[in-house]
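Structure first, then comments.
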Amino acid sequence: MRKGIPVSPGVSTGTAYCIHQIFVNPDTKRLEDSEVTAELAAYETARDQTAVDLNALRSKVESQVGGPEAAIFAVHLSILRDAAFTEKVRTWIVKDRLTAQAALHRLLNEYSALFSRTQDPYLRERLNDVQDVVIRLSAHLSDVPKQNTSLPGSLIVVAGELLPSQVVALGGADVHGIVTEAGSQTSHAAIIARSRGIPAVSGVSGILRQVKTGDAIIVDGRYGHVIINPDPEQLAAYRKIERDFINLKDQLAANRDQPARTEDGQPLQLLANINNAADAEAAVNMGATGVGLFRTEYLYLTHPDVPDEDEQLKAYCEIIDASPRKQVTIRSLDIGGDKTVPYLGHTHQEANPFLGWRSIRLSFEHPEFFNTQLRAVFRAAKYAAENGGKVKLMFPMITTLEELHRVRAIVRRVCQRLEEEKKPFLKPPIGMMVEVPAAAISIGDMLHAVDFVSIGSNDLVQYLMAADRDNPKVSHLCQPLAPPVLRILSQVIRACKRARKPVTLCGEMAGQPRAFTLLLGMGLRNFSMSPALIPTIKELATHVSMEMAEKVTRQALTLRTTANVKRFMSEQLEAMAPGLAILETQ
Ligand code: PEP
Ligand code: MG
């Protein structure tokens, strides 16, 4: 048994499907003579597809962002067309019988060795470009499981790290569990697993060397356990828990049409966090009353090139139509940190990406790009209003009041322009996300500049605790139930209530039973979470009275360690709602 970080609750038993990325565990298979031609053809197809991607990216980025930003794709195309590059790969496939993936891996090693001897930063940068091209090629040769994969039983994906776009690509396959070497509770891959209700464990170092495709494997997303080739007794025991988990989920999903209320009748808003239209449909099925966070960056991450204004408008309208009550809080582009798009200047590594050029900071420096998104959102807001829905817009990573003023000025200019062009639009309510400690501390001075607030606790926790949300080594610190986190959350909620500004929390903790109960006790009434968690939280709410929640929260706020808060809250929940523990990650 291996132990990792539990990131998405539930239990799943099945068959391992290993996704070896080129840098983790290269192909060692040697081709048969009869396979060489097909492998060369596969490589040529991947080259053609990569060239199509790069050309499309170049022209779209040129028109949408600018010539200098698009130049990088010309460099990548020239690498792709480089005769020496292609010749090496072909030769290794033919002479050494390497698979195309393995040949690419060897090529990258060769270049790395060559470049590592140079002190020239320009040349070192070129290695990154070669890497980018290899990653693109490799993705086209990729081994993401297809819907008709022939493995028996439910698939449990085992990977080094899953990029958000890969998890989206997994959507078509019947994936029942996810195990990764990297990542933690709030990495975006984990968030997607939760939104799909797929049990997942992250931070299991070296797992790809211990498991091979086809092995029987168990994922316990409650405790972060992964069991490889279990014995029959273990398998039978876990199959029973898996059945209970599925039954409980089905049973809870039956509460979708009931309003969310506490035991003593306090109405609550349970909203959904979504990344795409499929999630919006899941939100409806799970009984959400609206979308509290639409992460628009997935539109960019999964788009073959750059979505222009009309494409964005179309995508937003589709999301609005698919969402519960057509109510959607759209978040402006939140790129950077672990989510990068090359055409916005992220080809160069930053030393501290989460403290660097991400989110609203990046939007400010790409005014054309930012304006395009705002125009599409304002036009979509009009569409929503005409169809009985409502759009709100919020901005991530707000750190200072000056940034809010700047946002307001940009919003004004965009509205003016749309008016001049006589385009139908509506200016939506404008909100700020509180996810930087500076903003949380000075919230009282910022509230006058916004219509609503949404607390992004995933980032707020990582910044408060100075512990990377994606780094398993510091996940013991990146804890939403840490006493300083609870203290600051309670202050922000109180400040918003005092100023009569609606406040929601849209970080992952909103869907965690212990944290939910505490937030309820702090006075929060609007919670936005992965759709799959809504039925559990709705059920839990019916077991908790406001009086209980407030009492428990008062007590929890006096505790001085995270472990004590966790223990105390687990005991309280066990007493209030026994039987829901399977749906909590510990
Ligand atoms: C957050 O930080 O809590 C949040 C909701 O945003 P994201 O997880 O997309 O950074
Ligand atoms: Mg965030």
Q: Select from segment 460-491 the residues that are within 15 Å of ligand 2 (Cβ to nearest atom) and among the hydrophobic types (A, V, I, L, M, F, W, C) and write down the one among them that is surrounded by the most Cβ atoms within 10 Å (Cβ to Cβ).
A: Val461
Q. For segment 478-495, which residues satisfy the criterion of being more than 16 Å from ligand 1 (Cβ to nearest atom) and more than 17 Å from Thr553 (Cα to Cα)?
A. Ala495
Q) Of all residues in segment 320-342, which are at pLDDT 90 or above and within 16 Å of ligand 1 (Cβ to nearest atom)? A) Val328, Thr329, Ile330, Arg331, Ser332, Leu333, Asp334
Q.
Looking at segment 365-379, can you tell me whether even one residue there is among the β-branched types (Val, Ile, Thr), closer than 25 Å to Gly336 by Cα and assigned to a helix (DSSP H, G or I)?
A. yes
Q: Would you check which residues across segment 438-451 are buried (at least 19 other Cβ atoms within 10 Å of the Cβ) and within 16 Å of ligand 1 (Cβ to nearest atom) and list them?
A: Ala439, Ala440, Ile443
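Listed residues Asn276, Asn247; which is away from ligand 2 (no atom under 16 Å from the Cβ) and surrounded by fewer than 17 Cβ atoms within 10 Å (Cβ to Cβ)?
Values: Asn276 fails: surrounded by fewer than 17 Cβ atoms within 10 Å (Cβ to Cβ).
Asn247 is the lone residue from the list that is away from ligand 2 (no atom under 16 Å from the Cβ) and surrounded by fewer than 17 Cβ atoms within 10 Å (Cβ to Cβ).
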Q) Failed condition for Arg209, given (1) open to solvent by 20 Å² or more (accessible area, probe 1.4 Å); (2) of a type in the set (Lys, Arg); (3) in contact with a strand residue (DSSP E or B) (Cβ under 8 Å, 6 or more places away or on another chain); (4) modelled with pLDDT under 90, with all others met? A) (3)
Q: Quick one: which residue in Ala272, Ala283 is under 25 Å from Thr186 (Cα atoms), in the same structural domain as His543 (by TED's automatic domain parsing), at pLDDT 90 or above and assigned to a helix (DSSP H, G or I)?
A: Ala283
(Q) Whether any residue in segment 415-429 is at pLDDT 95 or above and within 13 Å of ligand 2 (Cβ to nearest atom) is what I want to check. (A) no
Q.
Can you go through Met522, Met569, Met548 and tell me which one is among the aliphatic types (A, V, I, L, M) and open to solvent by 50 Å² or more (accessible area, probe 1.4 Å)?
A. Met548
Q) Taking segment 480-496 as the region of interest, how many residues are within 24 Å of Val328 (Cβ to Cβ) and out of contact with any helix residue (DSSP H, G or I) (no Cβ under 6 Å at 6 or more places or on another chain)? A) 2
Q: Look at segment 177-232 and say how many of its residues are part of a loop (DSSP other than H, G, I, E, B), of a type in the set (Gly, Ala, Ser) and in contact (Cβ under 8 Å) with a residue 40 or more places away in the chain.
A: 10
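Of all residues being of a type outside the set (S, T, N, Q) and open to solvent by 10 Å² or more (accessible area, probe 1.4 Å) in segment 103-116, which is farthest from the chain's Cα centre (by Cα)? Just the residue, please.
Leu114
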(Q) Being touching an Asp or Glu at 6+ places or on another chain (Cβ under 9 Å), crowded, with 22+ Cβ neighbours inside 10 Å and under 30 Å from Pro324 (Cα atoms) is true for just one of Ser457, Ser528. Which residue is that? (A) Ser457
Q) How many residues does segment 279-290 contain that are without any contact (Cβ under 8 Å) to a residue 60 or more places away in the chain and either hydrophobic (A, V, I, L, M, F, W, C) or within 16 Å of ligand 2 (Cβ to nearest atom) (or both)? A) 2
**Q.** Leading residue by the ranking (surrounded by the fewest Cβ atoms within 10 Å (Cβ to Cβ)) among those in segment 286-326 that are in a helix (DSSP H, G or I) and among the aromatic types (Phe, Trp, Tyr)
**A.** Tyr300
**Q.** Pro267 vs. criteria modelled with pLDDT of 95 or more, on the phi < 0 side of the Ramachandran plot and open to solvent by 10 Å² or more (accessible area, probe 1.4 Å)
**A.** yes
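The values are calculated or read from the model by the stated rules, or taken from the named source; none is laboratory data. All of these numbers come straight from a predicted model, not from anything done at the bench. Positions of Cβ are backbone-derived with ideal geometry, glycine not excepted, and every protein chain shown enters the neighbour counts. The area values use the complete protein model at the heavy-atom level, side chains included, leaving out ligands, DNA and RNA. Shrake-Rupley method; radii C 1.70, N 1.55, O 1.52, S 1.80 Å.
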